[in-house]
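The block underneath contains the structure these notes are about, expressed in structure tokens.
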Amino acid sequence: TINKKISSDSILKFSAEKLLIYGLNPLLNAINNKKRIIHHIVIAKNISQHHLDQILESSASRIAKNPDLIIRVDEDKILELIEDFRQQNKGLNKSKAVKNTSKNYLQNIVHQGVLAICDYQKFGNQFDLLSKLHLLKKDLIEDSNSNLPTLLLLDQITDPQNFGAIIRSAIAFGVDNIIIPEHHSVKETSAVIKASAGDIE
């Protein structure tokens, strides 16, 4: 069932500590990622019944644990929420001038009537990877048919669209791990997730 008691404004309390995921494929991939913590899924009232059924079916177990998971809003409210989160993350006041500078940004967002408020993923570090490789080395010694993982190392990729596209290509080519530097590199953002079509999950 869809909970109608929650005000959509209440989700703004999550502010900068949370991540927005928008777009149907990114949302469905996030729902199917058991490690992804999702606090709310916001769905436009005019979304197609087929897409609504897809989301509700995929998130059935999550709804059972959190009856307040789903929020239905008018479609315009989704862009408003994205903008509100953007303002909070940048620490800007909601002045008319700031709103005007956001128009081009909002025009480029294709949310398809869905939005999720999530936690950021916890990524491993170099020590986690080295431990994993060490265990694989033992397997290789015992079984010559075992294969080493394919690693992709990226250096200072700062454009979210490029990073998202690289993730999609890496998945298509069977890359096992993507390694990025801690500094001077784009991290997990809404734009990266959208550009990767959810493959970042």
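Taking a straight Cα-Cα cut-off under 13 Å and skipping sequence neighbours fewer than 8 places away in the same chain, the aspartates and glutamates within cross-link reach of K132 are D176. Among the trypsin sites (Lys or Arg not before Pro) found in the range 15-52, those both in a DSSP coil and sparsely packed, with 15 or fewer other Cβ atoms within 10 Å of their Cβ, are K34, K35, K45. In summary, the aspartates and glutamates within cross-link reach of K187, defined as a Cα separation below 16 angstrom excluding same-chain residues under 8 places away, comprise E17, D119, D155, D159, D199, E201.
Values quoted throughout were computed directly from the atomic coordinates according to the rules given, and no laboratory measurement underlies them. As the structure is a prediction and not an experimental result, all values here were calculated from the model. Here Cβ is always computed from backbone atoms with ideal geometry, including for glycine, and neighbour counts include all displayed protein chains.
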